[in-house]
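The values are calculated or read from the model by the stated rules, or taken from the named source; none is laboratory data. Predicted, not measured: the structure shown is a model, and the values here were computed from it. Cβ coordinates were reconstructed from backbone atoms using ideal geometry, including for glycine residues, and neighbour counts include every protein chain displayed. Accessible surface areas use protein heavy atoms only, side chains included; no ligands, DNA or RNA. Shrake-Rupley method; radii C 1.70, N 1.55, O 1.52, S 1.80 Å.
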Amino acid sequence: MASTSRSDSSLPKVQCPNHPDALLVEDYRAGDMICPECGLVVGDRVIDVGSEWRTFSNEKATKDPSRVGDAQNPLLNGGDLTTMISKGTGAASFDEFGNSKYQNRRTMSSSDRAMLNAFKEITTMADRINLPRNIIDRTNNLFKQVYEQKSLKGRSNDAIASACLYIACRQEGVPRTFKEICAVSRISKKEIGRCFKLILKALETSVDLITTGDFMSRFCSNLGLPKQVQMAATYIARKAVELDLVPGRSPISVAAAAIYMASQASAEKKTQKEIGDIAGVADVTIRQSYRLIYPRAADLFPPDFKFDTPVDKLPQL
């Protein structure tokens, strides 16, 4: 027989009496929760909170087949387990005065509506820059925490959502630049930066420092550079930081300068403008970082790099 124990949150927890640490397997078809160690059914009649679907041959393909609404959304109050009655079309839906007989007694709250709109905006922005679902979920959770704290009053929800997306990318180890987030949102870079600092302070959280390696593979891939050039650019950027050749320069500008140097030494040469368009930095910024690392160029390349252009023939700018 199944046993239940009370966790710190005072909610009963279903577990196997013989294997309390085992992760239960849910059989959606039978509605059972089964212990994977001994096969004991420790819970039955489990409610499936997903959408229920129907298909009839005489219905149009464009008609929504969902019969019970969306799946449960834990980010909304009440889990979004509500029923919305649509407007009737038949004669039985109206009384003798033409008024609808069946009306919604509960409408969505303004806070839930604001959060839903923000979640849609977050999903749209993430889709534009091909971010995976786990980052969207983390962004939604961050936005919910900030929204419920009401610590950023006066800031637009779009700006908060953009900053939350930037933080989520950093926390998941796939950072994006402010310019990349700004390009897919309707908010200025300065406003996103302000919200970013306020959110970190409000949630008392932090993000890892970005490094040149965080952007290198993506920038080189977008430029169509081969693996050898990418590895050389990564090595050059890391070596330049270790030798303290680029103090005070942003990792993005250092990465762009390293890519420029590696590409100029290879057969796949790229201009400053091509690299700047991908990295989101100005040509003059790439030149400034390049001038700092150029005097030590001979020490920056990996030993096994195959030069198409010798180090002494690299552009001096």
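Going by the structure shown, is Arg170 open to solvent by 20 Å² or more (accessible area, probe 1.4 Å), closer than 27 Å to Lys153 by Cβ, modelled with pLDDT of 90 or more and charged (D, E, K, R)? Judged against the criteria, Arg170 is a match. Exactly one residue out of Glu191, Glu268, Glu242 is of a type in the set (Asp, Glu), open to solvent by 30 Å² or more (accessible area, probe 1.4 Å) and touching a Leu at 6+ places or on another chain (Cβ under 9 Å): that is Glu268. Count of segment 167-208 residues, restricted to those that are closer than 18 Å to Lys120 by Cβ and assigned to a helix (DSSP H, G or I), is 3.
Selection of helices (runs of 4 or more DSSP H) fully inside segment 215-317 by the criterion of at least 3 residues being farther than 30 Å from Lys189 by Cβ returns 227-242, 297-300. Of the residues making up segment 250-260, those that are buried (at least 24 other Cβ atoms within 10 Å of the Cβ) and of a type in the set (A, V, I, L, M, F, W, C) are Val254, Ala255, Ala256, Ala257, Ala258, Ile259. Selection of segment 146-166 for residues being touching a residue at least 40 places away in the same chain (Cβ under 8 Å), surrounded by fewer than 18 Cβ atoms within 10 Å (Cβ to Cβ) and not in a helix (DSSP H, G or I) yields Ser151, Arg155. Starting from segment 225-249, take each residue that is modelled with pLDDT under 90 and list its partners that are surrounded by fewer than 20 Cβ atoms within 10 Å (Cβ to Cβ) and assigned to a helix (DSSP H, G or I), counting only C-beta distances under 9 angstrom and pairs at least six apart or across chains. Final answer for the pair search is none.
Kindly provide the set of residues from segment 204-221 that are over 12 Å from Cys169 (Cα atoms) and not hydrophobic (A, V, I, L, M, F, W, C), ordered by number. Scanning segment 204-221 gives Glu204, Thr205, Ser206, Thr211, Thr212, Gly213, Ser217, Arg218, Ser221.
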